[in-house]
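Following: one structure in structure tokens, then a few remarks.
The values are calculated or read from the model by the stated rules, or taken from the named source; none is laboratory data. Remember, it's a predicted structure, so these values are computed and weren't measured experimentally. Cβ coordinates were reconstructed from backbone atoms using ideal geometry, including for glycine residues, and neighbour counts include every protein chain displayed. These area figures cover heavy atoms from the full protein model, side chains too; ligands, DNA and RNA do not enter into them. Shrake-Rupley method; radii C 1.70, N 1.55, O 1.52, S 1.80 Å.
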Amino acid sequence: MDWRRRLAAILGEESAAGRFAGTVLVTRRDEVLFEGAYGPADREREIPVSMETRFSVGSITKLFTATQVVRLMQDGLVTPGDPVGRHLPDYPNAEVAEKVTVHHLLTHTGGTGDIFTDDYWERRAEVRTPQEFIGMFGERRPSFEPGSAYDYSNYGYILLGAIIERVAGGYGEHLERAVLRPAGMSRSGIGAEPEVAVGYTGDDGVPNTDFDVVRGNPAGGAYATAGDLRRFVLAVLHHELLDAAHTELLTSGKVNAGFGGRQAYGFGELSVHSIRSIGGAGGFPGANAVLTLYPGSEHVVAVLANQDPPVAERVAQFINFALPASDLLHR
């Protein structure tokens, strides 16, 4: 059976059982190989998912943030070796300010830690902006010597958002200028978003109102459609957002990130049997998103769901294994 027919059958069964709600898009260059919308975007109002439904994309937001930072590098306003204190001179912890660089933040090698602490959950309604996060976590020392290890850090991307705000003005405004508008992402954004699919978490599918607290932050607060995510990675590939040298800087792996992958700036990079892919994933209770680009063949796989991880990741994994290797190797 052709992989597309098999995928359609699986998604139909999973959707009917309430185990998958979301959108799936697979393309090669300008050809749509598979697309489908499944399940409810809002159960209470009985609104079905469509290909135009906006989903919270979690940490795929980091790809947008990294692209913005590299654009500032291209513009000569930031360099990879800049310490945090160069752009945030009032940063509370001197060790972070002096030793942690923009490169460390982009590659999760600064030891800057996470944001989802007990203190954060107790005060989450008060902490929204990068400056408010710095007020909560800014006294914290690096958890290891910056540059000596890899440890995924949401807080590091909050700091990148603060740097963008200091150098270029508002994060959302710069995102629009540097990424969304030139990529043609008309149904994507951050902050005070239009209607987005309601996230459902747990076996009982409880609406996840807690996700509201991360919306708008540069580590995981964006929303997008599957089509817009495709537009984004193709705009990166075709140098519509950055010149060739800075596109390479953005997307080439720099440090080992486990499981054979390497961490680029925001993007993850993986090569299996000479087939290279780049992309990212996002997950939060009630939201899961996966975006993969195969640069050699221009295949794009985008899966968005308004349910708990790893529901979208499992679908993406099926697709990535099912795509013929011979197609992925050649333009």
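For beta carbons closer than 6 Å, sequence separation of 6+ or different chains, a first residue in the range 149-176 that is within 21 Å of residue 139 (Cβ to Cβ) and free of Cβ contacts under 8 Å to residues at least 40 places away in the same chain and a second that is open to solvent by less than 50 Å² (accessible area, probe 1.4 Å) and not β-branched (Val, Ile, Thr), the qualifying pairs are 165/171. The lone criterion from (1) part of a loop (DSSP other than H, G, I, E, B); (2) of a type in the set (Ser, Thr, Tyr); (3) more than 29 Å from residue 240 (Cβ to Cβ) left unmet by residue 120 is number (1). Residues that are open to solvent by less than 60 Å² (accessible area, probe 1.4 Å) and in a helix (DSSP H, G or I) within the range 125-149 comprise 130, 133, 134, 136, 137, listed in sequence order.
Only a single item in (1) open to solvent by 30 Å² or more (accessible area, probe 1.4 Å); (2) closer than 23 Å to residue 21 by Cα; (3) more than 19 Å from the chain's Cα centre (by Cα) is not met by residue 200, and it is number (1).
From the list 269, 248, the one residue that fits, being over 24 Å from residue 11 (Cα atoms) and more than 16 Å from the chain's Cα centre (by Cα), is 248.
Would you pick out the residues in the range 150-175 that are among the small types (Gly, Ala, Ser), surrounded by 14 or more Cβ atoms within 10 Å (Cβ to Cβ) and in a loop (DSSP other than H, G, I, E, B)?
Residues of the range 150-175 among the small types (Gly, Ala, Ser): 153, 156, 161-162, 168-170, 172.
Retained after the next criterion (residues that are surrounded by 14 or more Cβ atoms within 10 Å (Cβ to Cβ)): 153, 156, 161-162, 168, 172.
Of everything in the range 150-175, just one residue is among the small types (Gly, Ala, Ser), surrounded by 14 or more Cβ atoms within 10 Å (Cβ to Cβ) and in a loop (DSSP other than H, G, I, E, B), namely 153.
Here the condition is being of a type in the set (Gly, Ala, Ser), surrounded by fewer than 17 Cβ atoms within 10 Å (Cβ to Cβ) and within 26 Å of residue 22 (Cβ to Cβ); of 271, 186, it holds for 186 alone. One residue alone among 279, 296 is touching a Ser or Thr at 6+ places or on another chain (Cβ under 6 Å) and open to solvent by less than 50 Å² (accessible area, probe 1.4 Å), and that residue is 279.
Return yes when residue 262 is open to solvent by 30 Å² or more (accessible area, probe 1.4 Å) and over 21 Å from residue 327 (Cα atoms) and no when it is not. Judged against the criteria, residue 262 is a match.
Scanning the range 223-259 for residues that are polar (S, T, N, Q) and either at positive phi or open to solvent by less than 40 Å² (accessible area, probe 1.4 Å) (or both) yields 225, 247, 251, 252. Annotation: residue 211 fulfils all but one of (1) modelled with pLDDT of 95 or more; (2) closer than 24 Å to residue 285 by Cα; the unmet one is (1).
Sub-6 Å Cβ pairs linking a first residue in the range 36-51 that is over 15 Å from residue 25 (Cβ atoms) to a second residue that is of a type in the set (S, T, N, Q), at least 6 apart or interchain, are 39/15; 41/53, ordered by first then second residue. Residue 193 meets all of the listed conditions (1) at pLDDT below 90; (2) within 13 Å of the chain's Cα centre (by Cα); (3) charged (D, E, K, R) but one, namely (2). Those strands (runs of 3 or more DSSP E) of the range 1-115 in which at least 1 residues are surrounded by fewer than 16 Cβ atoms within 10 Å (Cβ to Cβ) and among the hydrophobic types (A, V, I, L, M, F, W, C), considering only elements entirely within it, cover 31-38.
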